[in-house]
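Q: The structure that follows is given in the form of structure tokens.
The values are calculated or read from the model by the stated rules, or taken from the named source; none is laboratory data. Just so you know, these numbers come straight off a predicted model, no measurement behind them. Here the Cβ positions follow ideal geometry from the backbone for every residue, glycine too, while neighbour counts run over all protein chains shown. Quick note on the areas: whole protein, heavy atoms, side chains included, nothing else; ligands and nucleic acids left out. Shrake-Rupley method; radii C 1.70, N 1.55, O 1.52, S 1.80 Å.
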2 protein chains.
Amino acid sequence: MNFCSNCGARVELRLPTGDNLPRHVCPDCGTIHYENPKLVVGCIPEWDARILLCRRAIEPRHGLWTVPAGFMENGETTAAGAQRETLEEANARVEILGLYALFNIPHINQVYLLFRARLLDLDFHPGAESLETRLFAQEEIPWNELAFITVRRTLNHYFSDQQSGEFRFHMGTIEPMPRKDGGG
Amino acid sequence: MNFCSNCGARVELRLPTGDNLPRHVCPDCGTIHYENPKLVVGCIPEWDARILLCRRAIEPRHGLWTVPAGFMENGETTAAGAQRETLEEANARVEILGLYALFNIPHINQVYLLFRARLLDLDFHPGAESLETRLFAQEEIPWNELAFITVRRTLNHYFSDQQSGEFRFHMGTIEPMPRKDGGG
């Protein structure tokens, strides 16, 4: 952040009075520009013990499989956001059953909220951001072609819970991937 | 939002290619400025069936009581944010027990995540944003002096669950308050 989005002046990084973190502050109009984590909302759409996954038509992770999920928008609820993403990515209509997983990803300032959901019909097809949409039974999940670690963890929890007969809420934190060169 | 925080040019409200909502877009550098809901994280600190509340020293709702909670910061987890807010507002150290409530407040673009927590000691005292901090048994809760509807709902759920012997996760949506003149 270089300029004040309110008045256009160049911002300064400084500690506002009474605060304990440096913020981008406008020296002209005084606006403090807070930056906060973003929510990613999505769901695990189920039909008859099979899960709907989408193959991504966009970066990052083009060509890999994910559950429908995306950035929550202003003015919507978390569940409505999950339904909207499912409609956008898979043209699929779902009933939200309950919150299933929360993942903190502090190094990229994101929080994932994933819901259990029930597909209302089988009239789904890829949206603009998907190459392919299909139902997978547990033994068909493309474990080596999943787009995100959140998806892998969620599906692991899901099938484990399904086997045990009880779906519990799961919370976890995703750490940065170790660098392949052994550094950092 | 009037100016691009990246290059300082005046932004335009337009529909980016492939998007379905108007965004503030910079005509000079092309940056799309997304605006998303903010997470408020906090907890219900318990000690021996009593709950720690803070009386607010700041607006909004100066002088009214709340559970410790505030905006989640970049780089932290939801639980760490709840612990940090509890330390800042009440100088209290807590162990986080689990997610207890999620409230959507779509008309102000906020999502509350409140955790059950256990106070680790009784050495709490008001932080800079609190006038007073104290433990309340159920029959002592100042129901008519609570700062936010989220606090009222959370405490209602909490004591009801406590009575039933099982703490369940709760999710809800807060609608705008009806206007007193009967309009809107």
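Q: Considering only C-alpha atoms, what is the centroid distance from the range A:81-127 to the range B:124-138, in Å?
A: Cα centres, the range A:81-127 to the range B:124-138: 39 Å.
Q: For chain A, modelled as a Gaussian network with Cα springs under 10 Å, which listed residue fluctuates most, A:73, A:139, A:46?
A: A:139
Q: Residue B:136 versus residue B:108, label points 7 Å from Cα toward the beta carbon: distance in nm?
A: Label-label distance for residue B:136 and residue B:108, simple model: 1.8 nm.
Q: How high is the relative contact order of chain A, in percent, with contacts defined as C-alpha pairs under 8 Å that are six or more residues apart?
A: Reported as a whole number, the value is 21 percent.
Q: Using a 10 Å cut-off on Cβ to Cβ distances, tally the other chain neighbours for every residue of A:108-118 and report the average as a whole number.
A: Across A:108-118, the average partner-chain Cβ count within 10 Å equals 2.
Q: Write down the percent of antiparallel bridges among all DSSP beta bridges whose residues are both part of the range B:1-154, to the nearest 5.
A: Here the antiparallel bridges make up roughly 75 percent for the range B:1-154.
Q: Rounded to the nearest percent, how much of the accessible area of the range B:37-184 (1.4 Å probe, protein heavy atoms only) is carbon and sulfur?
A: The computed percentage sits at 48.
Q: How far, in nm to one decimal, is residue A:16 from itself in the other copies if the label point is set 7 angstrom along Cα toward Cβ? Shortest first, please.
A: 2.6
Q: Here is a follow-up. Which whole number gives the average count of other chain Cβ atoms within 10 Å of the Cβ atoms across peptide A:19-31?
A: 1
Q: Right, something else. If you average 1/r across every pair of different Cα atoms in the protein assembly as shown and take the reciprocal, what Kirkwood value do you get, in Å?
A: Mean inverse Cα-Cα distance, inverted, gives 22.5 Å.
Q: Moving to a separate point now. In terms of the Cα gyration tensor, with a ≥ b ≥ c the square roots of its eigenvalues, is the range B:122-184 rounded because a/c is under 1.5, prolate because a/b exceeds b/c, or oblate?
A: Verdict is oblate for the range B:122-184.
Q: Ignoring everything but the protein chains, give the 1.4 Å probe accessible area of residue B:171 in square angstrom, nearest 10.
A: 80 Å²
Q: Where both partners of a DSSP beta bridge lie in the protein assembly as shown, what percent of those bridges are antiparallel, to the nearest 5?
A: 65 percent
Q: Follow-up question, since we're still on this one. List the distances, in nm to one decimal, from the label point of residue B:71 to the label points of the same position in every other copy, shortest first, placing each label point 7 Å from Cα along the Cα-to-Cβ direction.
A: Label-point separations across copies, in nm and ascending: 1.7.
Q: Rolling a 1.4 angstrom probe over the protein heavy atoms, how many square angstrom per residue are accessible across the protein assembly as shown?
A: 50 Å²
Q: Of the candidates B:86, B:150, B:77, which one comes out as most mobile in a Gaussian network treatment of chain B with C-alpha springs shorter than 10 Å?
A: With Cα springs under 10 Å in chain B, the top fluctuation among B:86, B:150, B:77 is at B:77.
Q: Could I ask something else about it? Within a Cβ distance under 10 Å of residue A:132, other residues only, what is the Lys/Arg minus Asp/Glu net charge?
A: +3
Q: While we're looking at this one, here's another question. Using only the Cα atoms of the range B:46-85, construct the convex hull and provide its projected area averaged over every direction, in square nanometres to one decimal.
A: Mean shadow area of the hull around the Cα atoms is 3.5 nm².
Q: Follow-up. Put a point 7 Å out from Cα along the line to Cβ at residue A:34; what are the distances to that point in the other copies, in nm, shortest first?
A: Label point to label point, same position, other copies: 2.0 nm.
Q: On to the next question. If you count, for every residue in B:73-85, the Cβ atoms of partner chains within 10 Å of its Cβ, what is the mean?
A: The per-residue average across the peptide is 5.
Q: Separate question: Work out how far the C-alpha atoms of chain B reach from end to end along every principal axis, then list the three figures in whole Å, largest first.
A: Here the spans come out as 59, 41, 31 Å, largest first.
Q: Here's something else I'd like to know. Please say if the range B:75-135 is rounded, prolate or oblate, where rounded means a/c under 1.5 for a ≥ b ≥ c the square roots of the C-alpha gyration tensor eigenvalues, and otherwise the choice is prolate for a/b larger than b/c and oblate otherwise?
A: Judged from the Cα gyration tensor, the range B:75-135 comes out prolate (a/c at least 1.5, a/b above b/c).
Q: Hey, got a sec? Which chymotrypsin sites (Phe, Trp or Tyr not before Pro) in the range B:20-90 land in a DSSP loop and have at most 16 other Cβ atoms within 10 Å?
A: B:34
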